[in-house]
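As structure tokens, the structure follows; a few thoughts come after it.
The values are calculated or read from the model by the stated rules, or taken from the named source; none is laboratory data. Quick caveat, the model's predicted, so the values are computed rather than measured. Cβ placement follows ideal geometry from the backbone for every residue including glycine, while neighbour counts extend to all protein chains displayed. Just the protein is used for accessible areas: all its heavy atoms, side chains included, with ligands, DNA and RNA removed. Shrake-Rupley method; radii C 1.70, N 1.55, O 1.52, S 1.80 Å.
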Amino acid sequence: MKRLRLGVNIDHVATIRNARGGGLPDPVRAARVAAEAGADGITAHLREDRRHISDDDISRLSQEIDLPLNLEMAATDEMLQIALRHKPHAVCLVPENRQELTTEGGLDVMRGQSHLARYIKKLADAGCRVSLFVDPDVDQLVASVAIGAPVVELHTGSYCSAVGDQRESEFVRLIEAAEQAENLGLECHAGHGLTYETVGRVSEIHCIAELNIGHFLIGQAIFVGLGESIRHMRELMDAARSSLESA
Ligand code: PXP
């Protein structure tokens with residue numbers, strides 16, 4: 001079975017830096033620590049309001065880091081120009097709403113088909129691997145295939161925040177969506193809200209190839225350091241995958 005890749009999202013290192021202005025803590029340094037701790041990629045969301053990651057962070061991450069960069073961005077012309085300038089390894093298109101604290105839901109691919117298709121084509125022509133951040137909903141997956149997306153990232157937020165029976169039904173939604181994605185020929189990623197508590201079961205969904213995790217890892221780093229925070233997440237992911245092999 002393929003190793004489950006870990007993309008470490010470093011947005012909230014920039015959130016802390018921006019709380020005071022200046023340059024510390026440096027997200028590029030965090031990306032180097034993530035690489036040493038077992039990350040397979042670095043993820044950064046350049047939001048339209050630049051509340052955390054800045055344009056300069058994206059330039060430096062592109063130039064100074066060896067790991068593949070996954071740029072999360074809204075499907076706007078401004079962001080497209082930035083992506084085409086840096087040509088990151090991957091681009092994840094996300095919905096963006098200025099008032100939200102974080103990405104609240106997946107893209108409505110069914111409604112935005114013609115708009116999104118143009119972005120997918122331009123980014124793919126530039127050599128970027130394009131993913132669409134979607135809720136675990138079969139109709140969104142079918143629409144993603146129809147507009148030529150090679151990858152989807154399933155929003156795990158509802159699963160992570162649910163409790164009791166609701167958590168179980170959200171998990172079933174995730175499994176079914178991941179299997180559908182595989183059947184449709186989509187590479188399947190997942191992320192949002194994952195913690196040490198929730199990562200194990202998601203990692204056991206064998207058709208998921210990559211997880212993108214940020215907020216929890218940066219918070220945990222306050223207590224144990226960033227390297228240790230990431231290493232432990234990596235261990236939990238690997239343990240869940242090897243339990244599948246021995247089952
Ligand atoms: N994937 C996507 C598409 C996201 O927008 C985010 C949040 O920026 C994440 C993953 C990571 O979520 P979290 O920070 O909750 O781990």
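The calculated FRET efficiency for the pair GLU176 and LEU24, based on their C-beta separation and a Förster distance of 45 Å, comes to about 0.55.
The residues of the chain expose, per residue, 45 Å² of accessible area to a 1.4 Å probe.
As a ratio to 2.2 N^0.38 Å, the alpha-carbon radius of gyration computed for the range 56-128 takes the value 1.14.
Leaving ligands, DNA and RNA out of it, report the carbon-plus-sulfur percent of the accessible area of the chain at a 1.4 Å probe. All intermediate terms of the calculation are to be shown ahead of the outcome.
Numbers: 5680 of 11160 Å².
The nonpolar share, carbon plus sulfur, comes to 51 percent.
For the chain, modelled as a GNM whose springs connect Cα atoms under 10 angstrom apart, the maximal fluctuation among MET73, MET110, MET233 occurs at MET110.
Ordering SER144, ALA19, HIS155 by Cα displacement along the dipole of the chain toward the positive end leaves ALA19 in first place; charges were set at the Cβ atoms of Lys, Arg (+1) and Asp, Glu (-1). Once the Cα-Cα distance is subtracted from the 0.36 nm per residue extended length, the ILE16 to ASP49 segment shows a gain of 10.3 nm. Using only DSSP helix segments of four residues or longer, with each worth -39500 (n - 2.57), what per-residue ellipticity at 222 nm results for the chain after dividing by its residue count and rounding to 500? -15500 deg cm²/dmol, from helical runs alone.
Highest GNM mean-square fluctuation, the chain, Cα pairs closer than 10 Å: which of SER144, SER158, SER169? Of the options given, SER169 has the highest mean-square fluctuation.
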